[in-house]
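Novice: Structure incoming, see below.
The values are calculated or read from the model by the stated rules, or taken from the named source; none is laboratory data. Everything quoted here is computed from the prediction, not taken from an experiment. Positions of Cβ are backbone-derived with ideal geometry, glycine not excepted, and every protein chain shown enters the neighbour counts.
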Amino acid sequence: MEPCLTESSEEGCYVALTHKHLHAQDIMDRVRSPQAGAIVLFAGTTRDNFAGKQVKELQYSAYIPMALKTMLSICTDIRVRHGLKSIAMMHRLGTVPIGEESILIAVSAPHRQAAWRAGEEALENCKKHVEVWKREEFEGEEGVWRANRDGLPGQKTTGKDEEI
């Protein structure tokens, strides 16, 4: 059985965590507005390498209640400060194979400049603050857990007697 989508929303803001495949059109439709002249979409995909190592896949885990609360807080703040019509953020949990999306962020605004800036800020704040962790699986090595932030070193785990 496919795990259920976990979501939260308030005026002009939508956030979700899911184990299902992410679809760009779905999130763009959530922010579409006749008052918006721009929709910016960011799609973060699993790449096949990190720091010179061959990546097999990524596995994402989250403290769901807190992650949703943090995501919604980020979105509501950015929506107000950038004058957006809408903002939506979806993060995938579980295994994300090479080439598939782990996060989608869409923003709509009357003008493109605000949409570009807000989209990037939303991504950076998500990576910095949201309670999501990833396990990198490398070819020929043990997996490494790390905070969902670019460039920070992971911690090797054996998987024995450990609860994540």
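Novice: Only one of (1) buried (at least 17 other Cβ atoms within 10 Å of the Cβ); (2) modelled with pLDDT of 95 or more is not met by G154, so which one is it?
Specialist: Unmet for G154, out of (1) buried (at least 17 other Cβ atoms within 10 Å of the Cβ); (2) modelled with pLDDT of 95 or more: (2).
Novice: List every residue pair whose Cβ atoms sit under 9 Å apart, with the two residues 6 or more apart in sequence or on different chains, where the first one lies in segment 75-88 and is under 11 Å from I105 (Cα atoms) and of a type in the set (F, W, Y) and the second, anywhere, is outside any strand (DSSP E or B) and at pLDDT 95 or above.
Specialist: Cβ pairs passing all conditions: none.
Novice: Would segment 28-39 turn up any residue that is surrounded by fewer than 22 Cβ atoms within 10 Å (Cβ to Cβ), within 30 Å of V144 (Cβ to Cβ) and modelled with pLDDT of 95 or more?
Specialist: Checking segment 28-39: not a single residue is surrounded by fewer than 22 Cβ atoms within 10 Å (Cβ to Cβ), within 30 Å of V144 (Cβ to Cβ) and modelled with pLDDT of 95 or more.
Novice: Of the residues R79, R92, R135, only one is crowded, with 16+ Cβ neighbours inside 10 Å and at pLDDT below 95; which?
Specialist: Being crowded, with 16+ Cβ neighbours inside 10 Å and at pLDDT below 95 holds for just one of R79, R92, R135, which is R135.
Yes or no, residue by residue, for (1) assigned to a strand (DSSP E or B); (2) touching a helix residue (DSSP H, G or I) at 6+ places or on another chain (Cβ under 9 Å); (3) not polar (S, T, N, Q):
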position	(1), (2), (3)
V55	yes, no, yes
Y60	yes, no, yes
V80	no, no, yes
L84	no, yes, yes
H91	yes, yes, yes
G99	no, no, yes
S108	yes, yes, no
Q113	no, no, no
E120	no, no, yes
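Novice: Still on this model: Check G52 against each of (1) out of contact with any strand residue (DSSP E or B) (no Cβ under 9 Å at 6 or more places or on another chain); (2) of a type outside the set (A, V, I, L, M); (3) modelled with pLDDT of 95 or more and name the one condition it does not meet.
Specialist: It is condition (3) that G52 fails.
Novice: Could you tell me how many of the residues in segment 93-136 are basic (K, R) and in contact (Cβ under 8 Å) with a residue 24 or more places away in the chain? Spell out how you get there, then give the answer.
Specialist: Quick first cut of segment 93-136, residues basic (K, R) only: 112, 117, 127-128, 134-135.
Adding the requirement that they be in contact (Cβ under 8 Å) with a residue 24 or more places away in the chain leaves 112, 117, 134-135.
Residues that pass the stated criteria total 4.
Novice: Across segment 8-49, what is the total count of residues that are farther than 17 Å from E101 by Cβ and not in a loop (DSSP other than H, G, I, E, B)?
Specialist: Summing the residues that are farther than 17 Å from E101 by Cβ and not in a loop (DSSP other than H, G, I, E, B) in segment 8-49 gives 6.
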